[in-house]
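K.L.:
Mind having a look at this structure? Questions to follow.
The values are calculated or read from the model by the stated rules, or taken from the named source; none is laboratory data. Everything quoted here is computed from the prediction, not taken from an experiment. Cβ placement follows ideal geometry from the backbone for every residue including glycine, while neighbour counts extend to all protein chains displayed.
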Amino acid sequence: MERDSGKVDVRIGDIWVDMTEKGTDFRGRAKPHIGYLHQEYSLYPHRNVLSNLTESIGLKLEPELARTKTIAALKAVGFDENTAHEILEKTSYELSVGERQRVTMAQVLIREPRIVIFDEPTGTMDQITKNEVANSILTARKETGTTFVIVSHDMEFVRNVCDHAAHMKLGKITAMGDVGSVLEEIMIEEKADREKTLEDRNNDLERFLKRAQQCADLNVLNDVDFYVSKAKETAVKLNKDISIELERLKPAYRKGISEMLKEAERYASEGQIYEMHVYIENAINYAAKAGIDISGELPKFMHTYEEGLKEALQEAEKHEAEGLLGMSYQYIHR
């Protein structure tokens, strides 16, 4: 998503790069130094940790160097030396939720980015896993000197891992500064929200729907969905029917879903089943939210799924025959 106005400058060495300008001398120069971990983080389920941190993400290294860099990346997110060595040959199925998240963080850090952007890193984690992830980020900051930009609704997590914070509401920054003062302002705002009048909530609803339509006009489905969720939440409080307004937003959902399915088809044609599945899953989720039937679009992907299943089972049989039960187990899960 492009910025509405202003500049986005990133410092690479002694040079400030303007990210709003396209080209190899501007945005293209900074991108290799920026890592990103999206909300629906995932590892390649049929590959072990070593592979996930090297060849699976395009890092072609000599075996010994690959192991050395992988161990260093795992230690940077809080694994001790022994545990890092122990999990090298494990697949994601053999790791705990917290371990998987930390390995995914290591997957980003192994490229040695200057800046890492985390989108909702805690998600629906339990408290123990949240603590593990928080400690991993703090360790990585100390070990690598990397700057972390974290997008989160989890205020406790933000308090534990961040030095500075900015509160964004309806696309605008309403507070910025040290974490304590920003979180205090948020609490004051939340209290004011609980005390809102009927007129205030009606104004909120109108604003959410207007913003959703603006995002729809810009073809930014993720933001459309965010404002629709806020509008639905407010409408429930008002006991108000907004089905007509939501119907007007369906074309934006249809267009976004269509683009996701096109990407899924592209990956299917390349035989990249896992990537195909991610786009199909997202399309199904958005379709369910908008009440759009896409069942007629899904059969075209069945052949790719069947081929993937056949290939995985053949590989499992081959590795079992060779006595490589661990590898066979990986392909059965795949």
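K.L.:
Would you check which residues across region 189-226 are crowded, with 18+ Cβ neighbours inside 10 Å, under 25 Å from the mean Cα position of the chain (by Cα) and free of Cβ contacts under 8 Å to residues at least 40 places away in the same chain and list them?
P.N.:
PHE208, ALA212, CYS215, ALA216, VAL224
K.L.:
Next up: Among the residues of region 107-125, is any under 20 Å from ILE34 (Cα atoms), out of contact with any helix residue (DSSP H, G or I) (no Cβ under 7 Å at 6 or more places or on another chain) and aromatic (Phe, Trp, Tyr)?
P.N.:
Within region 107-125 (the criterion being under 20 Å from ILE34 (Cα atoms), out of contact with any helix residue (DSSP H, G or I) (no Cβ under 7 Å at 6 or more places or on another chain) and aromatic (Phe, Trp, Tyr)), the answer is yes, since at least one residue qualifies.
K.L.:
If you don't mind, there's one more thing I want to ask. Where in region 34-152 are there strands (runs of 3 or more DSSP E), lying fully within it, with 3 or more residues that are touching a residue at least 40 places away in the same chain (Cβ under 8 Å)?
P.N.:
Output list reads 34-37, 115-119.
K.L.:
If I ask for residues that are in contact with a strand residue (DSSP E or B) (Cβ under 9 Å, 6 or more places away or on another chain) and either within 24 Å of VAL133 (Cα to Cα) or not in a helix (DSSP H, G or I) (or both), which ones from region 185-202 would you list?
P.N.:
Answer for region 185-202, where residues must be in contact with a strand residue (DSSP E or B) (Cβ under 9 Å, 6 or more places away or on another chain) and either within 24 Å of VAL133 (Cα to Cα) or not in a helix (DSSP H, G or I) (or both): just ILE186.
K.L.:
Among residues belonging to region 38-52 that are more than 18 Å from the chain's Cα centre (by Cα) and among the hydrophobic types (A, V, I, L, M, F, W, C), point out the one that is surrounded by the fewest Cβ atoms within 10 Å (Cβ to Cβ).
P.N.:
Among residues in region 38-52 that are more than 18 Å from the chain's Cα centre (by Cα) and among the hydrophobic types (A, V, I, L, M, F, W, C), the one surrounded by the fewest Cβ atoms within 10 Å (Cβ to Cβ) is LEU50.
K.L.:
Has region 167-183 got at least one residue that is under 30 Å from ALA106 (Cα atoms), out of contact with any strand residue (DSSP E or B) (no Cβ under 8 Å at 6 or more places or on another chain) and not in a helix (DSSP H, G or I)?
P.N.:
no
K.L.:
For region 53-107, which positions are more than 21 Å from GLU143 (Cα to Cα) and either β-branched (Val, Ile, Thr) or under 20 Å from the mean Cα position of the chain (by Cα) (or both)?
P.N.:
Those that are more than 21 Å from GLU143 (Cα to Cα) and either β-branched (Val, Ile, Thr) or under 20 Å from the mean Cα position of the chain (by Cα) (or both): SER56, ILE57, GLY58, THR91, SER92, TYR93, LEU95, SER96, VAL97.
K.L.:
Among the listed residues GLY58, GLY35, GLY28, identify the single one that is of a type in the set (Gly, Ala, Ser) and surrounded by 15 or more Cβ atoms within 10 Å (Cβ to Cβ).
P.N.:
GLY35
K.L.:
Examine region 237-244 for a residue that is touching a Lys or Arg at 6+ places or on another chain (Cβ under 9 Å), under 25 Å from ASN282 (Cα atoms), modelled with pLDDT of 90 or more and not acidic (Asp, Glu), and state whether such a residue exists.
P.N.:
yes
K.L.:
Residue by residue through region 78-106, note down the ones that are hydroxyl-bearing (Ser, Thr, Tyr) and under 10 Å from LEU37 (Cβ atoms).
P.N.:
THR104
K.L.:
Right, another one. Looking at GLU81 and the list (1) within 30 Å of ARG211 (Cα to Cα); (2) out of contact with any Ser or Thr (no Cβ under 8 Å at 6 or more places or on another chain), which single condition is not satisfied?
P.N.:
Only one criterion in (1) within 30 Å of ARG211 (Cα to Cα); (2) out of contact with any Ser or Thr (no Cβ under 8 Å at 6 or more places or on another chain) is unmet by GLU81, namely (1).
K.L.:
Same structure again: Do you know which residues across region 176-197 are among the aliphatic types (A, V, I, L, M) and at pLDDT 90 or above?
P.N.:
Within region 176-197, MET176, VAL179, VAL182, LEU183 qualify.
K.L.:
Within region 227-246, track down each residue that is part of a helix (DSSP H, G or I), within 16 Å of GLY291 (Cα to Cα) and not small (Gly, Ala, Ser).
P.N.:
Result: VAL228, LYS232, ILE244, GLU245, LEU246.
K.L.:
Next up: If you check ALA268, ALA288, which single one turns out to be free of Cβ contacts under 8 Å to residues at least 24 places away in the same chain and either in a loop (DSSP other than H, G, I, E, B) or under 24 Å from the mean Cα position of the chain (by Cα) (or both)?
P.N.:
ALA288
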